[in-house]
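See structure below.
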Amino acid sequence: TGLTLPFIANTGQTDSSVSFYAQTFAGSVYVTRAGELVYSLPPKDGKPGWTLVEHFAQGKPHPVGIGVNVSQVSYIKDKHGKAVTETAKTFGKLNLGEVFSGVKVELVAHGNTVEKIYTVASRVNASHIRMTVAGSHALTLDANGALLAETGHGPVQFSAPIAWQEKQGKKIPVKVSYALNANSYGFNLGDYD
């Protein structure tokens, strides 16, 4: 699950609303030009596929690939009745920019998940971070602090959050937990400077 997977730039091989996508072991994750995270879960136990969509509530993401990989993806595209081979760049991370006031967001795809990294500027309140989840029947927390999105395939787990503060070159742990509100979540932070 620690294997880092590339984000592939959409150069016409998928829907035009998609900016980048990653193929994880749990399904495909699409990052739209509007910055939505669309999780396409494959069919399971005879049930059709399932889609979850995360929105940065009142946020303004602008996805940009960073860390261009040496590898590229090739695909065949039909151009005016003629098969043409195209290539697409791959990236180690996506930078969504300053999504919320004073909060930058990056995405990294791993084996079966996409990690969201929020960097909160000095003197900025992390309560500005709010994510809505569409396609889930309910959001709950398990005993370990993980977020569970209930779907027709069963629960989809978002791992418990981890937070720290960098001070004089050291990472100092900060208590953090999910803050749920119906179909959305944010974070509760413990004491920090």
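Some notes on this structure:
- Only one of the numbered conditions (1) free of Cβ contacts under 8 Å to residues at least 12 places away in the same chain; (2) under 24 Å from T51 (Cα atoms) is violated by Q168, and that is (2).
- Count - residues of region 1-59 that are of a type in the set (K, R) and part of a loop (DSSP other than H, G, I, E, B): 1
- Taken across region 98-112, residues that are loosely packed, with under 14 Cβ neighbours inside 10 Å, within 15 Å of the chain's Cα centre (by Cα) and either small (G, A, S) or not in a loop (DSSP other than H, G, I, E, B) (or both) do occur, with at least one present.
Residues checked against (1) in contact (Cβ under 8 Å) with a residue 12 or more places away in the chain; (2) in contact with a Phe, Trp or Tyr (Cβ under 9 Å, 6 or more places away or on another chain); (3) open to solvent by less than 40 Å² (accessible area, probe 1.4 Å):
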residue	(1), (2), (3)
L3	yes, yes, no
P6	yes, yes, no
V31	yes, yes, yes
S40	yes, yes, no
G59	yes, yes, yes
I66	yes, yes, no
I76	no, no, no
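- For region 104-129, the set of residues classified as aliphatic (A, V, I, L, M), touching a residue at least 24 places away in the same chain (Cβ under 8 Å) and farther than 24 Å from Y21 by Cβ consists of A126 only.
- Among the residues of region 151-171, those that are under 29 Å from Y39 (Cα atoms) and open to solvent by 60 Å² or more (accessible area, probe 1.4 Å) comprise P155, Q157, S159, I162, W164.
- Among the conditions (1) in a strand (DSSP E or B); (2) of a type outside the set (K, R); (3) at pLDDT 95 or above; (4) exposed (fewer than 13 other Cβ atoms within 10 Å of the Cβ), T87 misses just one, which is (3).
- Region 123-150 - residue that is touching a strand residue (DSSP E or B) at 6+ places or on another chain (Cβ under 7 Å), open to solvent by 50 Å² or more (accessible area, probe 1.4 Å) and assigned to a loop (DSSP other than H, G, I, E, B) and, of those, farthest from A182 (Cα to Cα): R130
- Among the residues of region 42-54, the one identified as out of contact with any Lys or Arg (no Cβ under 9 Å at 6 or more places or on another chain) and crowded, with 19+ Cβ neighbours inside 10 Å is L52.
- So S159, is it polar (S, T, N, Q), touching a His at 6+ places or on another chain (Cβ under 9 Å) and either touching a residue at least 24 places away in the same chain (Cβ under 8 Å) or within 20 Å of H62 (Cα to Cα) (or both): no
- Whichever residue in region 172-193 is more than 23 Å from the chain's Cα centre (by Cα) and surrounded by fewer than 10 Cβ atoms within 10 Å (Cβ to Cβ) and, among such residues, is farthest from A149 (Cα to Cα): D193
The values are calculated or read from the model by the stated rules, or taken from the named source; none is laboratory data. A quick note: this is a predicted structure, and the numbers were derived from the prediction, not measured. All Cβ positions, glycine included, derive from the backbone under ideal geometry; neighbour counts span all protein chains shown. When the accessible area is computed, the model is the full protein with side chains, heavy atoms only, and any ligands, DNA or RNA have been set aside. Shrake-Rupley method; radii C 1.70, N 1.55, O 1.52, S 1.80 Å.
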